[in-house]
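Report on the structure given below.
The values are calculated or read from the model by the stated rules, or taken from the named source; none is laboratory data. Please read these numbers as outputs of a predicted model, since none were measured by experiment. For neighbour counting, all protein chains shown are included, and Cβ atoms are generated from backbone atoms with ideal geometry for every residue, glycine included.
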Amino acid sequence: MEGLLDHTLRDTLTRVGGIDRCVSEFIRITDMLMPKKVFTRIVPELLNGGVTPAGVPVRAQLLGSDPVCMAENAARLAELKPAGIDLNFGCPAKCVNRHRGGAVLLDEPELIHEIVSAVRRAMPEGMPLSVKMRLGYMDQSRTLDCAQAMVAAGAEELVVHGRTKADGYKPPAYWDRIAAVREAVPVKVVANGEIWTVEDAERCRTESGCTDLMLGRGIVADPGLALAILNPGREPLAWAALLPLIAQFWGLVRQHVGHKHQGGRLKQWLHYLRRRYPEAEEAYQRLRTINDPEALQAQFFGALPAEHPCVASDRQILEQGQ
């Protein structure tokens, strides 16, 4: 999820628990062999044995349309020993599709087969290869053609977002149509799309027939969602328990994000959190016009009681990052 779920948020969310694996934001491959520093900048977990600080494996995701270039970059990426490589045929962004990346390729199952096959040959035996797809580009006429092409070329797992590119992120996600993919291929299929609650997860499993789920915006809005899905009846993650995680995230943002964009990252997460937490709504409204990181930090942490553990975290941020 480019621009949202980067390594700073992966670090924070995987500390909560319930997550078996992460996939990085896509690394755009065009017409050149990327230096290793590009891979480690986007996926710094590659410098930590391919896992987050909490020990959750991270697969690095590539996006592109040139089979040769994709294979060459996959080979270089594999040298850094990620937990696996994932290929993106699901991104609906116009700027990506316009340059023949992401979901637009779902109209070309033959090319998809070439790309997946070339990448698989370039990877070491035993390193997992998964593929992310949507149900189609403008329609679903070639859903099964694409899924079967991916598996025939060597993909060991498919993650299927239950909408086409034309559907964008507009509800609903058509989980029942993922079932047809699951029945058509002999590999694991993971269901994705519009899973915001435990009830959504249960309905998605029932309609898709998939046991495994991929969470995106849902777990950004509710960091305890994965644990709640695994443990029905578990108490939701309280706002008080979330605050230290927000402090930890803010510390990472202050270290890794340019000064101009730091405030935006915190407000972006609060924007999602307000779907689940009234306290996040209050904080977002209070902070939304503040862009200076120091002023934003003072407003957010300064509003907490002096004895709150986040206030101590705030002091550490000030001491270490400034």
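At-a-glance table
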{"item": "Any hit, the stretch 16-33, residues being closer than 16 Å to M214 by Cβ and either surrounded by fewer than 17 Cβ atoms within 10 Å (Cβ to Cβ) or without any contact (Cβ under 8 Å) to a residue 24 or more places away in the chain (or both)", "result": "yes"}
{"item": "P232, sole failed condition from (1) modelled with pLDDT under 95; (2) within 17 Å of G18 (Cα to Cα); (3) surrounded by 13 or more Cβ atoms within 10 Å (Cβ to Cβ)", "result": "(3)"}
{"item": "Within the stretch 102-135, tally of residues that are touching a Phe, Trp or Tyr at 6+ places or on another chain (Cβ under 7 Å), surrounded by fewer than 21 Cβ atoms within 10 Å (Cβ to Cβ) and assigned to a loop (DSSP other than H, G, I, E, B)", "result": "0"}
{"item": "The lone exception for G216 - which of (1) surrounded by 21 or more Cβ atoms within 10 Å (Cβ to Cβ); (2) touching a strand residue (DSSP E or B) at 6+ places or on another chain (Cβ under 8 Å); (3) not charged (D, E, K, R) it fails", "result": "(1)"}
{"item": "Residues within the stretch 170-202 that are among the β-branched types (V, I, T) and outside any helix (DSSP H, G or I), tallied", "result": "6"}
{"item": "So A166, is it over 25 Å from R59 (Cβ atoms) and aliphatic (A, V, I, L, M)", "result": "yes"}
{"item": "Residues of the stretch 235-254 satisfying the condition of being surrounded by fewer than 18 Cβ atoms within 10 Å (Cβ to Cβ) and under 25 Å from L213 (Cβ atoms)", "result": "E235, P236, A238, W239, A241"}
{"item": "Top-ranked residue in the stretch 50-101 [being free of Cβ contacts under 8 Å to residues at least 12 places away in the same chain and assigned to a helix (DSSP H, G or I); ranked as nearest to G193 (Cα to Cα)]", "result": "K94"}
{"item": "Among (1) without any contact (Cβ under 8 Å) to a residue 60 or more places away in the chain; (2) over 24 Å from L213 (Cβ atoms), the one test that R177 misses", "result": "(2)"}
{"item": "Any hit, the stretch 260-278, residues being part of a loop (DSSP other than H, G, I, E, B) and either in contact with a strand residue (DSSP E or B) (Cβ under 9 Å, 6 or more places away or on another chain) or buried (at least 22 other Cβ atoms within 10 Å of the Cβ) (or both)", "result": "yes"}
{"item": "Condition check for E281: free of Cβ contacts under 8 Å to residues at least 60 places away in the same chain, in a helix (DSSP H, G or I), of a type in the set (D, E) and under 30 Å from P92 (Cβ atoms)", "result": "yes"}
{"item": "Residue count for the stretch 126-142, restricted to those that are small (G, A, S), over 16 Å from the mean Cα position of the chain (by Cα) and within 16 Å of A155 (Cβ to Cβ)", "result": "1"}
{"item": "Residues of the stretch 197-233 satisfying the condition of being under 13 Å from R275 (Cβ atoms) and hydroxyl-bearing (S, T, Y)", "result": "T197"}
{"item": "Where F89 falls short, out of the listed (1) surrounded by 21 or more Cβ atoms within 10 Å (Cβ to Cβ); (2) modelled with pLDDT under 95", "result": "(2)"}
